[in-house]
Amino acid sequence: MTQPRTTNASSTEIDRAAAIIRAGGLVAFPTETVFGLGADATNPAAVAKIYATKQRPEFNPLIIHTPDVDSAAQLGRLSKPALRLAEVFWPGPLTLVVTKRPDAGIAEIAVAGLPTVALRIPDHAIAQALLRAADRPIAAPSANRSGRVSATRASHVADDFGSNVDLILNDPETPRGLESTIVDVTGNEPAILRVGAITQESIARLFDGNIEIGPTPALPSAPGQLSSHYAPSCPVRMNVTQVREGEVLLAFGTDVPAHSCPAINLSPTGDLVEAASRLFAALRELDQPGARAIAIMPIPNDGLGAAINDRLRRAAAPRPVVD
Ligand code: TXA
Ligand code: MG
């Protein structure tokens, strides 16, 4: 396993960036692929800011960055093929989708409610120094506005986000500009979910020339591919203004209907960023065996509200009949 390069970046800058991450802020940082827009992966409100800042239309799960294999292994179960790939390509532009550990401490919103987590150990001095100084796993998508080209220079990040990012760490070297290759190693057979900076051939070589391409049916790469998703075990009723008997309530804002049942308010002040950060955890908490349904108050459809409603519609969608 190669060692990451040592940093030339000013340690004062790195310390400042680490303090921002620990305080729930956003730091854009260079990696060997593209710039990432980073936040503390254990802090749901901080992660929600990533979605809001990127204007990402859906809660597409984020890659979680850690400094070394030991810290990665604390977050996800590294299967045999995962360890083989890690040995050869970490640190480096390889992202491994693995089964998340129940005690990983990663915010639900960072993994979009999935039981898996995408892990990456960047081979970049500044990214490494930041991860070590922050001492937190960092969730980071590419640091571009959704739909725009990935950022490979600090100035691209500034163009896209301006002062919405608390700090941009600069790098004299231009990174690869091609995102990491994503490999699903949750099953027996590894499968490439996104082609990227590491070639298919170099990965296939480790597995007797065999590697599947494309998401496996059991694990869609984009959760949006399924109409019924994020579905709690009890039914979901949207746009509720009156709570029915036996229901539990997911509230938003101040105009909460009368109720005597368990209830969680996503954001009493009507803040969509706060609501997004609490959504998946709140759905899980309200999903109790005795509940007839989760009644959900209307949520405005602007900003992050569109993504929240998209997820809620999927949670409320008719479910496939399984017998
Ligand atoms: O090179 C890179 O990978 C850069 C740098 C910053 O690390 N990051 C990056 O992130 O490209 P992003 O968010 O632009 O792309 C992440 C991809 C998304 O397509 C997402 O669906 C997929 O990773 N992903 C994340 N978690 C996943 C999971 N648990 N299962 C399947 N796909 C996942
Ligand atoms: Mg991207």
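Neighbour counts of C-beta atoms inside 10 Å place Glu212, Glu108 in the sequence Glu212, Glu108, starting with the fewest. Straight Cα distances below 18 angstrom link Lys80 to the aspartates and glutamates Asp68, Asp70, Asp184, Glu189, Asp208, Glu212, with same-chain residues fewer than 8 positions distant left out.
For the chain, the residue among Pro289, Ile211, Val117 whose Cα projects farthest onto the positive side of the dipole built from Cβ charges is Pro289.
Amide H contacts of Val236: Ile294, each under 5 Å away and 5 or more positions distant or on a separate chain (H built 1.01 Å from N in the peptide plane; Pro and chain starts excluded). Taking Asp135, Asp310, Asp103 as the candidate residues, the one with maximal mean-square fluctuation in a Gaussian network model of the chain, Cα springs under 10 Å, is Asp103. Only Lys, Arg, Asp and Glu carry charge here, each on its Cβ (+1 for the first two, -1 for the last two); on that basis the stretch 13-94 has a dipole of about 280 debye about its Cα centre.
Scanning residues 5 or more positions from Leu119 or on other chains, those with amide H under 5 Å from its amide H are Ile64, Leu96, Val97, Val98, with H placed 1.01 Å from N in the peptide plane.
Sorting Met238, Met297 by the number of Cβ atoms found within 10 Å of their own Cβ, with the fewest placed first, yields Met238, Met297. Placing +1 on the Cβ of every Lys and Arg and -1 on the Cβ of every Asp and Glu, with no other charges, gives the chain a dipole of roughly 320 debye about its Cα centre.
Can you give the net charge of the other residues whose Cβ lies under 12 Å from the Cβ of Gly36, counting K and R as +1 and D and E as -1? It works out to a net charge of -1. Counted over the chain, the DSSP beta bridges are approximately 50% antiparallel. If you take all other residues with their beta carbon under 14 Å from the beta carbon of Pro257, and give Lys and Arg +1 and Asp and Glu -1, the sum is -1. Using only side-chain charges placed at the Cβ, +1 for Lys and Arg and -1 for Asp and Glu, the dipole size of the stretch 112-161 relative to its Cα centre rounds to 40 debye.
Highest mobility in the GNM of the chain, judged by mean-square fluctuation with C-alpha springs under 10 Å and restricted to His124, His259, His156, is found for His259. What's the local net charge at Ala143, with K and R +1, D and E -1, over the other residues with C-beta under 11 Å away? Computed value for this residue: +2.
Throughout, read-outs are computed from the coordinates displayed, never taken from laboratory work. For clarity, every value in this text was computed on a predicted model and none was experimentally measured. For neighbour counting, all protein chains shown are included, and Cβ atoms are generated from backbone atoms with ideal geometry for every residue, glycine included.
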